[in-house]
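Working notes, beginning with the structure itself.
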Amino acid sequence: MTERLTWEQIQKKYPDQWVGLVDVRYRNNDGISVESAVVKYKDKTKSELTRMV
């Protein structure tokens, strides 16, 4: 099962790592500030995640 985490929880659980997020909810619907999301990918480099997009 996937777990929805707040942005603060994501930062704490995956410090200094790039993560791929899905089902993102933004604060104030601004499309920038993440309120919460589901982590789909971890342990990937920035370039790997960029290629996946």
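Coordinate-derived values only; no laboratory data. Values in this document were obtained by computation on a predicted structure and should not be read as measured data. Every residue, glycine as well, gets a Cβ built from its backbone with ideal geometry; the counts of neighbours run over all protein chains shown.
In a simple Cβ point-charge model (Lys, Arg +1; Asp, Glu -1; nothing else charged), the chain has a dipole of about 100 debye relative to its Cα centre. The residue list Ser33, Gln9, Thr50 was ranked by how far each Cα lies along the charge dipole of the chain toward its positive end, using unit charges on Cβ atoms, and Thr50 comes out on top. Counting Lys and Arg as +1 and Asp and Glu as -1 over every other residue whose Cβ lies under 11 Å from the Cβ of Thr2, the net charge comes to 0. For Val53, what is the net charge nearby, where nearby means another residue's Cβ is under 13 Å from its Cβ and Lys, Arg count +1, Asp, Glu -1? Once all neighbours under 13 Å are counted, the net charge is +3.
Gyration tensor over the Cα atoms of the range 4-52: the corresponding equivalent ellipsoid has semi-axes (square roots of 5 times the eigenvalues, largest first) of 18, 13, 9 Å.
Near Lys44, the amide H atoms lying under 5 Å from its own belong to Trp18; only residues 5 or more places off or on other chains count, and H is placed 1.01 Å from N. Using the Cβ of Val24 as centre and a radius below 11 Å, the other residues enclosed give a net charge of +2, where K and R count +1 and D and E count -1.
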